[in-house]
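The block underneath contains the structure these notes are about, expressed in C-alpha cells.
Coordinate-derived values only; no laboratory data. Because the structure is predicted, anything quoted here is derived from the model rather than measured. Neighbour counts run over all protein chains shown; Cβ positions are idealised from the backbone, glycine included.
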Amino acid sequence: MKKNVWTKMLSLALALVCVVGLVACGGNGGGSASAGTYKLQTMEMSGLTMDVAQLAETAGVSEDEFKVVLDLKSDGSFSLDAASMDDSMSMEGTWEESGSEIKLTADGQTLTATLADGVITIADSGITMTFKK
C-alpha cells in the first residue's frame, strides 16, 4: 500500500514536470555557477510536505535506494532522474538562467523554477518540489 501511494505521488509529480515542460530554450546555462547536481529535498502536495526520508519510507525503500536528481549541465542541457528500488524514470532537455529564474525545457514545453541560496523550487498545479545543490 505504501509503495502504491509513493508510486502515484512520484508518477504525478514527474508527469507534471513532463507535461508542464522541463524543456529548455538553450540560453545562458553554459558556464553558469548554477550548473551542478541538485537532489530532491522535499515534495509538497495537497498541504502535505514530505522530506526525502519520509518519501523513501513511504516508497518502502531506504534513502540510499531513493534518489531524485536534477542535473544542470554546464553545456545548457539538463537531466532529471528518479530512481527507487525497482523503478527508474528520467527526462532530458535544456535549461537557461535569468536572474533567480531557471527555465527548464523538454518536449517543447518550458517550466520556470526559482533558484535561491542553492535551492531550486519547482511549483505548479499544486505540487512543489525543492532540490538542493
Neighbour-limited loop hits for GluC sites (Glu not before Pro), region 36-107 (at most 16 other Cβ within 10 Å; DSSP other than H, G, I, E, B)
Glu63, Glu65
Which residues qualify? For Ile102, with a placed amide H closer than 5 Å and at least 5 residues away or on another chain, they are Ala113, Thr114, Leu115
Reachable aspartates and glutamates, given that their alpha-carbon falls under 20 Å from the alpha-carbon of Lys103 and they are not under 8 places away in the same chain
Asp71, Asp75, Asp81, Glu92, Asp117, Asp124
Using modelled amide H (1.01 Å from N, peptide plane; none on Pro or chain starts), what sits under 5 Å from the amide H of Thr42, excluding residues fewer than 5 places away?
Thr130
Net charge near Thr37 (other residues with Cβ under 14 Å of its Cβ; Lys, Arg +1; Asp, Glu -1) is +3
Given a Förster distance of 25 angstrom, what is the FRET efficiency for Glu65 paired with Ser98, based on the Cβ-Cβ distance and rounded to 0.05?
0.10
Asp51-Ser74 pseudo-label distance in nm [points 7 Å out on the Cα-to-Cβ vector]:
3.2
